Amino acid sequence: MGDYIRRILIAAIMLLFISLLFLGGKHSQAESLSLSERTKAWTWPSEGIITDTFNTRNGTHKGIDIAGDLGDHVYAVDEGVVTKSYYSQSYGNVIFVKHENDLETVYAHLNKRLVKEDQLVKKGELIGEMGNTGHSSGVHLHFEIHNKEWTVTKVNAINPILVLGNVQVGQTVKIAEQEDVEEVVTEPSAESIHSPKLDLLKEEEKKLEQEYIRKNMKKIELNLEETDSEYTTIPYKKASIYLKSSKYLIEDKNEEYT
């Protein structure tokens, strides 16, 4: 019995050791990438006017503020798992999202929270509404980024401008949308269409044209001796047939069919 328990304990220790190696390797890989590489697909969390930036208020403001209207949409900047969704005395309605790139984002002063703890969210997914809850002096979103995890002292805080782009107070930001790709449709020309019916019509038209020319050639031959001009012109659709009396040469010029 003792030997059986000993084997179970050894197996459990080995499993724990392997898990720690796997987690450590995953974190090391995320940390080895630069901040821009880890966040290159991120989007803005909301639209509005920048009212405050990172490290203001004597270095205590560890995020960025985006002002808008009550109820404006707030989105997850990237795929992740909601680690916290609750009401804080300072943050008001706040949501924390942990991302696979080992970063955690904070969305504060919300009017409404639309996601729950442990919920998986996608990039650009609606997670809340902009509000004026907690220690807030107006409707806005307070957004923070933290390396690895958020702490009370905010020692891991990262300037959101380094991730989202260089913005200044008073500047309006918008969430980028995918550009519409205009589909170019080229209509096939009559020459590129192949069908038995069309080929038959073309053949019939060609026969009619040949018959028209044959009949008019006889009239031309009868009238050639009566004209003093070296050339005789006969209209044919939008083209002209030029005949030289000395050689009876037929020459089609500027042929245009309606």
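The values are calculated or read from the model by the stated rules, or taken from the named source; none is laboratory data. Computed from a predicted structure; not experimentally measured. Cβ coordinates were reconstructed from backbone atoms using ideal geometry, including for glycine residues, and neighbour counts include every protein chain displayed. For the accessible areas, the whole protein counts, side chains as well, though only heavy atoms, and no ligand, DNA or RNA atoms are used. Shrake-Rupley method; radii C 1.70, N 1.55, O 1.52, S 1.80 Å.
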Heavy-atom accessible area with a 1.4 angstrom probe orders D118, D102, D72, most exposed first, as D118, D72, D102
Length gained, E149-T56, 0.36 nm per residue minus C-alpha separation, equals 31.3 nm
Percent relative contact order for region 26-122, counting Cα pairs under 8 Å at least six residues apart, stands at 24 percent
E209 and V81 label points (each 7 Å along its Cα→Cβ direction) are spaced in nm at 7.5 nm
With all protein chains in place and a 1.4 Å probe, Y75 shows an accessible area in Å² (nearest 10) of 60 Å²
tail above 23 Å in the computed P(r) of region 75-185, as % of all Cα-Cα pairs, reads 31 percent
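Could you please put R38, R214, R7 in sequence from largest to smallest accessible area, using a 1.4 Å probe? Intermediate results must be reported in sequence, preceding the final value.
Values: R38 35, R214 110, R7 160 Å².
Final ranking, largest accessible area leading: R7, R214, R38.
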